[in-house]
Amino acid sequence: MLEELEIRNLGPIRHAVLSPRAGMTAITGETGAGKSMLLDALRLVSGAAIQSGRASAGAQDDVWAQAVFAVSSDSAAEALAKDAGAVGDDGELYLTRSVPAHGRSRALLNGRTVPRSVLAGIAAHMITIHGQSDHMRIASAARQRDFLDRYADDGEQLTAYTQSWEALQAITRKLRALDGEQAAALAQATYLRESIERINAVDPHKGEDEELKSRRERIENAASIAHGVASALSALDPSQMDVDAQHQGALSLIDDATRALEDIHIKEPFGQAADTLKSLSQEISDVVFTLSGQIDDEDSLGDLDTINGRIHELDELTKRWGPGIDDVLAWRDQAENDVQDMDASPERLAALRAERDELFRRALAAARSLSSVRRQAAERLSEHVGTELAALAMRGSVLDVAVSPRDAGKGDESIVLDAHGCDDIEFLFTAFPGAPRLPMGKSASGGELSRLMLALELVAAERSSGAQRSPGEHHGDNDEGVFIFDEVDAGVGGKSAVELGRRLAQLARSAQVIVVTHLPQVASWADTQFVVSKGVFDAPVDETAAKLEGFETSGSRGNDESADRSENGVHLPSVQTVVQEVRGSQREREIARMLAGSESETSLRHARELLESSRL
């Protein structure tokens, strides 16, 4: 829901704030007052391009617009804001754009600078603008297909087809690669198989090369190791060498010293020294145990020639697929996986083609199921839109939603599938009986397209709501977003205008609707009404006292073509633009002005009657 729109220095508006509420909001005013600038501001915050020349005359600051939206925590717009790192507070999103007189524009989301495309992506989930310059969006085949799919509620069929299509594409890419590079694939597969066989013949295990090199080093240095170990043991504990020692070892001497200190029977400092010697004796005993074990291990290291032969085999592997045996084993495991996909043998290709054919049949069945749902929905959509168009003063106008399978008529293989199914979808519009049936956007005026879009939105809203709501009931969460209509009342009058207003109010039951209108029969149906007005003043407007056409200026105001001017200290007249919400008698006077161009007693009475009758 759009909670607030603020504008600075855009066209004739120096500053304006619009605060629409739930339901239907009407924006009225004299031609040229600046109503279209409000739509331009929404396009601006929606990421649209804008010319810097649209700045207000005499304005020194940038063109600036900001829209504040209330969103739910699980909405798509909120998710996109999180992805952009600009999460809002209290369920609100602030979309801001500023355009300098010279240079590039700046886009902000919740005060954080973001690319303009981010604003466009978020706004696409919240705002739908139906103006003369916006209708061509629905003229694209992709937009029309998306609209029909939403109306058809075919998510289950669309998901099933998408999964089948992606599986078909994956195996098609694999077959194309094998067919196009069959010789290279065969050579690579042969190399991989031979390499795997060679590695498996040697049958290495993890860490084997380092382990063997360590053993070889021990064997090559066995004599020096044995001499060193024997000398160390003789010095520490000669009894470990199985010889009669002519002298005591270090361990025995330390034990003698320990007993001598303990015999003193005085704790300090001799007891502490004895404890230290005991600890040292235990550590030396551990060293003696370790060294004595090494003497026995030297005999179990294996034959040096055998070890060197094995190391040579492993070195041959590491030179090609190393640098280490662990790397060789990892390469072999990956090669075993790759060779399966690179198998371009006739048997393998035949198996893949059979699998591709089966996946095509599945995708085709899913596409036909999706197409069936679309065709049924297209018939309902065309019928319901025709009913709405008749009520909108376009009796005889017809919208045909054409769903045409892409089939050359020569069997299943001739059906062309793409990521969206097997259908070409086109919205064809006949403006009046006898007129040619042409694609949307080429067969209707701006006003007719606006009413056609209103009819489409009404039918879609009725479809999604499922049940009629009680009169006056609005969706506080605005699940359907914000709809903006401009020129929807072009060429409409009388009873048709009343019906147009009624239809807009009906749409406002399930979404927030903002309509720019010059018809009192439309504006009278609105829950909220804003008036955009101009006036000439001898001095700048004082918000506390000035009045414009009978409206208090407690709302927002701005200057258009001429800024405040002065000559010799005397203020000259300047044009001021006011955006003002009207209620009660003020609204009656505005409706009377729209009816008769005056505020006579007759026009005021007519205005009151119109407002009273414009209720669902």
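FYI, it's all coordinate maths here, none of it is from the lab. Note that the coordinates shown come from a computational prediction; the quantities given were computed from them, not determined experimentally. Glycine also receives a Cβ, built like all others from the backbone with ideal geometry; neighbour counts cover every protein chain displayed.
Fewest-first ordering of MET1, MET24 by other beta carbons within 10 Å of each residue's beta carbon gives MET1, MET24.
R0 = 51 Å: FRET efficiency of LYS495 with ARG176, Cβ-based, nearest 0.05?
After rounding, the FRET efficiency stands at 0.20.
If Lys and Arg each add +1 and Asp and Glu each add -1, what is the summed charge of the other residues whose beta carbon sits under 13 Å from the beta carbon of VAL114?
Taking every other residue near VAL114 into account, the sum is +4.
Residue by residue, the range 71-87 carries 3J(HN,Hα) couplings of 10, 7, 5, 9, 7, 5, 5, 5, 5, 5, 5, 5, 4, 7, x, 10, 6 Hz when phi is fed to the Karplus relation 6.51 cos²θ - 1.76 cosθ + 1.60 (θ = phi - 60°); x denotes Gly or Pro. For the range 136-161 and the range 321-373, what is the centre-to-centre distance using only Cα atoms, to the nearest Å? Between the Cα centres of the range 136-161 and the range 321-373 lies a distance of 32 Å.
Scattering from the range 138-215 was approximated by placing one identical point on each alpha carbon and applying the Debye formula without solvent; log10 I(q)/I(0) at 0.11 1/Å stands at -0.65. Packing, taken as the mean count of other beta carbons within 10 Å per residue, orders the peptides 314-321, 93-100 from highest to lowest as 93-100, 314-321. Amide H to amide H distances under 5 Å link MET24 with VAL513, ASP527, THR528, where only residues 5 or more positions off or on other chains count and H is placed in the peptide plane. Under 19 Å of direct C-alpha separation, and excluding same-chain neighbours fewer than eight residues apart, LYS206 reaches these lysines: LYS319. Along the range 313-319 the Karplus relation, 6.51 cos²θ - 1.76 cosθ + 1.60 evaluated at θ = phi - 60°, assigns HN-Hα couplings of 4, 5, 5, 4, 6, 5, 5 Hz to successive residues, with x for each Gly and Pro. Within straight-line reach of LYS495, meaning a Cα separation under 28 Å, sit the following lysines at least 8 residues removed in sequence or on another chain: LYS35, LYS442. Put simply, the amide H of ASP424, placed in the peptide plane, has neighbours under 5 Å in SER404, ARG406, leaving out anything fewer than 5 places away on its chain. Based on C-alpha pairs under 8 angstrom that are at least 6 apart in sequence, the range 305-440 has a relative contact order of 16 percent.
Close amide-amide hydrogen proximity is noted between GLU3 and VAL68, PHE69, ALA70, each under 5 Å apart and 5 or more residues distant or on a separate chain (H modeled in the peptide plane; Pro and chain starts excluded). Counting only Cα atoms, the range 59-129 measures 40, 25, 20 Å along its principal axes, largest extent leading.
Sorting the segments 264-270, 6-12 by their mean number of nearby beta carbons within 10 angstrom, highest to lowest, gives 6-12, 264-270.
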